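> Would you mind keeping the following structure in view while I ask a few things?
The values are calculated or read from the model by the stated rules, or taken from the named source; none is laboratory data. Every value quoted in this text rests on a predicted model; they were computed, and no experiment measured them. Cβ coordinates were reconstructed from backbone atoms using ideal geometry, including for glycine residues, and neighbour counts include every protein chain displayed. Heads up: the accessible areas ignore ligands, DNA and RNA and are worked out on the full protein's heavy atoms, side chains in. Shrake-Rupley method; radii C 1.70, N 1.55, O 1.52, S 1.80 Å.
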Amino acid sequence: QVQLVESGGGLVQAGGSLRLSCAASARTFSMGWFRQVPGMEREFVAVMTRSVGSTSYADSVKGRFTISRDNAKNTVYLQMDSLKPEDTAVYYCAASNSILVLTTARGYAYWGQGTQVTVSS
């Protein structure tokens, strides 16, 4: 069982930046971020694979969010710039040992507890 611990959420004004971190207790292949607002399905944000560092982003965050990882620390980061009020959500870290670049929640076996990101207008 892989444990994921997120940090870095908070309250920020529109146009500001936040950096989320997620530390895994063991090595995984893919690590990604999803977000969810009440009453809505969990939405894919970004993913990065371990070996070649392949990435994928949701269209809504392209050019504003950057995913990166430190394999030595089993940690993935999400740098969020130019934040908008519509980015407000609980952000979840996810991990998988699949070799695929996964953009759907069902592909991930391990999840963090979530961290709240609130962007005020």
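> Are any residues in the stretch 30-55 part of a loop (DSSP other than H, G, I, E, B), of a type in the set (Gly, Ala, Ser) and closer than 21 Å to Asp70 by Cα, and if so, which ones?
Within the stretch 30-55, Ser51, Gly53, Ser54 meet the criteria.
> While we're looking at this one, here's another question. Being of a type in the set (A, V, I, L, M, F, W, C), surrounded by 14 or more Cβ atoms within 10 Å (Cβ to Cβ) and more than 14 Å from the chain's Cα centre (by Cα) is true for just one of Val90, Val76, Val119. Which residue is that?
Val119
> When only residues in the stretch 93-106 that are more than 12 Å from the chain's Cα centre (by Cα) and in contact (Cβ under 8 Å) with a residue 60 or more places away in the chain count, which is nearest to Gly39 (Cα to Cα)?
Thr104
> Let me ask you something else. Among the aliphatic types (A, V, I, L, M), more than 13 Å from the chain's Cα centre (by Cα) and at pLDDT 95 or above - does that describe any residue in the stretch 41-64?
Looking for residues that are among the aliphatic types (A, V, I, L, M), more than 13 Å from the chain's Cα centre (by Cα) and at pLDDT 95 or above, one finds none in the stretch 41-64, hence no.
> Residues Val12, Val52: which one is more than 12 Å from Cys93 (Cα to Cα) and surrounded by fewer than 15 Cβ atoms within 10 Å (Cβ to Cβ)?
Val52
> Quick check on Arg19: is it farther than 23 Å from Thr118 by Cβ and open to solvent by 30 Å² or more (accessible area, probe 1.4 Å)?
no
> Could you tell me how many of the residues in the stretch 93-108 are closer than 11 Å to Phe29 by Cβ, aliphatic (A, V, I, L, M) and open to solvent by less than 70 Å² (accessible area, probe 1.4 Å)?
Qualifying residue count, the stretch 93-108: 3.
> Continuing with the same structure: Just to be sure, is Phe34 touching a residue at least 24 places away in the same chain (Cβ under 8 Å), in contact with an Asp or Glu (Cβ under 9 Å, 6 or more places away or on another chain), within 24 Å of Leu11 (Cα to Cα) and open to solvent by less than 70 Å² (accessible area, probe 1.4 Å)?
So Phe34 passes the test.
> A further question on this structure: Condition test on Ser98, is it of a type outside the set (A, V, I, L, M), outside any strand (DSSP E or B) and modelled with pLDDT under 95?
In short, yes.
> Within the stretch 62-69, identify whether any single residue is over 14 Å from Ser96 (Cα atoms), hydrophobic (A, V, I, L, M, F, W, C) and open to solvent by less than 30 Å² (accessible area, probe 1.4 Å), and answer yes or no.
Yes, that holds for at least one residue.
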